[in-house]
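Visitor: For reference, the structure I am asking about is given below.
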Amino acid sequence: MELKNLDKIVTLCKTRGFVFPGSEIYGGFANTWDFGPVGVELENNIKKAWWKRFVQESPNAYGVDASILMNPRTWEASGHAQGFSDPKMDCKSCKQRFRADNLIEEHSHGETEAEGMTTEQMEAYIAENKIKCPHCGNFNWTPIRQFKLMFETSRGTVEGEKDVVYLRPETCQGEYVNFLNVQRTARAKVPFAIAQIGKSFRNEITPGNFLFRTIEFEQMELQTFCKDEDALRIYEETKKRAWQFAEDIGLKADKLRFHDHEKLAFYAKAACDIQYKFPVGWEELNGVHHRSTWDLSRHQEFSGKSMLYTDPVTNEKYLPTVVEYSIGVGRLTLAALCEAYDEETLEGGDTRVVMHLHPAIAPYKLAILPLQKNLSEKATEIYSALAKEFMCSYDEAGSIGKRYRRQDEIGTPFCLTVDFDTLEDGMVTLRERDSMNQIRIKIDEVANYINEKIKF
Ligand code: GAP
């Protein structure tokens, strides 16, 4: 799929109610997006599927929902207050701003990893390779300056007295600071995991590509606390589970690949991304990181509170090692949209746009379509009963063919038509989105039939 198809997906998202540009009536607000009626269902279903897999079905995993605003000491402990910045360069000719590390990686087609290079090394590389501005083609750069990625705001309780607070740039710190609260209240034994889904904020220099990189986004993060000797095994297992989840919600294996990090943070023992082949190329979908005891040790140091875990059998006290799995909801939603989007040529030469979304994440599971308006009483009765089971859409406007197309475009896996025979025999026609096959089925059997198909 080429870049132009991302434009098609953006257009479809806007016209069908998946995603609207943020603050659109005011001319928009760059790189913010609002999820519409269909998009919010898709996102919620993705989050539900993730939570089911990594919390509900994982006996040693527990959820939290921590505050977005945290004590600013948190960000000193995590290193974000001092070091969470990107190396930016401005083109003096066209005034466009770029990340120096991105310029290097794009120039070398991913062969040179800029992560870990010093500012001087990056400047030297750009000068030696005469990397030009991708926008205007000139070689006329400012020196590299560090650009802080955390959004700051202030909290004033007394007039004139203001404290800087940060919008969290990642959710995991809320999991680390609650490590012992969760462990004690859940009586959890190492290894166990804490999961969280929530908003994060980053003042990205180069956001873009629709939902791929935004300044406000949701993350789904899972921290597994374990003995250091078990961490590499758990890291490998987490990589596999992350991959399996991506495949299970519908991403094809040939568009996924592992990308091991060559340069690691000094405390880390291993790190890997799963990349997805987006319309713009291979890009990070999620990260899996072996973080050693770094996070807990830093919070212990900065809070002055012990973060030690006591082994209930041996009474040994130690700081567990953390294995982290982190994925952006918007980025995964974008991958699911890209994977699902299809333009099919039908017999007779017509084309249809269809979103082959996995039924478990499809916004609506069923559309109820009376063949004619004077069947709406029966159709509404069916809608009321089935809407208790799953999200249903109701549509009686336009020809049946057009109504099928509308549902195909938002990925509804089943359409149910009510016809005059329904009034006699209590049967309806169920049409499946991908094959377009139709079956006759008793109204009473529809709920079970669909519940079976949308299981995750
Ligand atoms: N706690 C670790 C952490 O936040 P990260 O690699 O910076 O690690 C993890 O982010 C995941 O969050 C990414 O793999 C991506 O899916 C998502 N993500 C990060 N920045 C994002 C942004 N600006 N917009 C959308 N998603 C983002």
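Visitor: Rounding to the nearest 10 and keeping the result within 0 to 90°, find how far the Cα-based axis of helix 228-248 lies from the longest principal axis of the chain.
Guide: For 228-248 against the chain, the angle is about 30 degrees.
Visitor: Charges only on Cβ, +1 for Lys and Arg, -1 for Asp and Glu: so what's the dipole of region 91-151 about the Cα centre, in debye to the nearest 20?
Guide: With Lys and Arg at +1 and Asp and Glu at -1, about 540 debye.
Visitor: Per 20 Å bin, what percent of the C-alpha pairs of the chain does each bin hold, from zero upward?
Guide: Computed distribution, short to long bins: 21, 49, 26, 4, 0.
Visitor: So, one more: At 0.36 nm per residue, and after removing the present C-alpha to C-alpha distance, how many nm does the segment from Y449 to E284 gain when stretched out fully?
Guide: Answer, rounded to one decimal: 55.7 nm.
Visitor: Which angle between 0 and 90 degrees, to the nearest 10, do you get for helix 443-453 versus the longest principal axis of the chain when only C-alpha atoms count?
Guide: Around 30 degrees separate the two axes.
Visitor: Helix 3-16: angle to the longest alpha-carbon principal axis of the chain, degrees 0 to 90, nearest 10?
Guide: 60 degrees
Visitor: Sticking with this one: About the Cα centre of the chain, how large is the charge dipole given +1 on each Lys and Arg Cβ and -1 on each Asp and Glu Cβ? Please answer in debye to the nearest 20.
Guide: For the chain, the charge dipole is close to 600 debye.
Visitor: No partner Cβ under 4.7 angstrom, meaning no disulfide-compatible partner by this rule: which Cys of the chain qualify?
Guide: Among the cysteines of the chain, those whose Cβ sits 4.7 Å or more from every other are C13, C172, C226, C272, C338, C392, C415.
Visitor: Next question, about the same structure. What figure, in Å² to the nearest 10, do you get for the accessible area of L6 with a 1.4 Å probe and non-protein molecules left out?
Guide: Solvent-accessible area, nearest 10 Å²: 10 Å².
Visitor: Same structure, new question: In whole percent, what relative contact order does region 348-456 give with Cα contacts below 8 Å and a gap of six or more residues?
Guide: Here the relative contact order equals 32 percent.
Visitor: For the chain, build the charge dipole from Cβ charges (+1 Lys, Arg; -1 Asp, Glu) around the Cα centre, then report which of G281, T15, H135 sits farthest towards its positive end.
Guide: Going by the charge dipole, the pick is H135.
Visitor: Let me ask something else about it. Projecting each Cα onto the charge dipole of region 347-456 (Lys/Arg +1, Asp/Glu -1 at the beta carbon, about the Cα centre), which of A367, N448, T422 comes out farthest on the positive side?
Guide: So the residue we want is A367.
Visitor: With +1 on the Cβ of every Lys and Arg and -1 on the Cβ of every Asp and Glu, and nothing else charged, how large is the dipole of region 250-357 about its Cα centre, in debye rounded to the nearest 20?
Guide: For this selection, approximately 580 debye.
Visitor: With all protein chains present and a 1.4 Å probe, how do R233, R403 order by accessible area, largest first?
Guide: Accessible-area ranking of R233, R403, largest first: R233, R403.
Visitor: Is there a pair in K239/K365; K8/K255; K48/K239; K88/K199; K373/K455; K88/K162 whose C-alpha atoms are over 27 Å apart, and which pairs would that be?
Guide: Correct reply: K239/K365; K373/K455; K88/K162.
Visitor: Next question. I want the antiparallel fraction of DSSP beta bridges within the chain, as a percent rounded to 5.
Guide: 85 percent
Visitor: Trypsin sites (Lys or Arg not before Pro) within region 77-178: which are DSSP loop residues with at most 14 other Cβ atoms inside 10 Å?
Guide: Passing sites in region 77-178 are K92, K95, K130.
Visitor: Calculate the spin-label point distance for Q244 paired with T206, positioning each point 7 Å from the Cα along the beta-carbon direction, and give it in nanometres.
Guide: Going from the T206 label point to the Q244 one covers 3.6 nm.
Visitor: For region 1-138, what is the relative contact order in percent, using Cα pairs closer than 8 Å and at least 6 residues apart in sequence?
Guide: 11 percent
Visitor: Right, something else. Towards the positive end of the charge dipole of the chain, with charges on Cβ (+1 Lys, Arg; -1 Asp, Glu), say which of S384, Y404, A186 has the farthest Cα.
Guide: A186
The values are calculated or read from the model by the stated rules, or taken from the named source; none is laboratory data. All values reported here derive from a predicted model rather than from experimental measurement. When we count neighbours, we look across all protein chains shown, and the Cβ atoms used for this are built from the backbone with ideal geometry, even at glycine. Accessible surface is based on the protein model in full, side chains and every heavy atom, while ligands, DNA and RNA are left aside. Shrake-Rupley method; radii C 1.70, N 1.55, O 1.52, S 1.80 Å.
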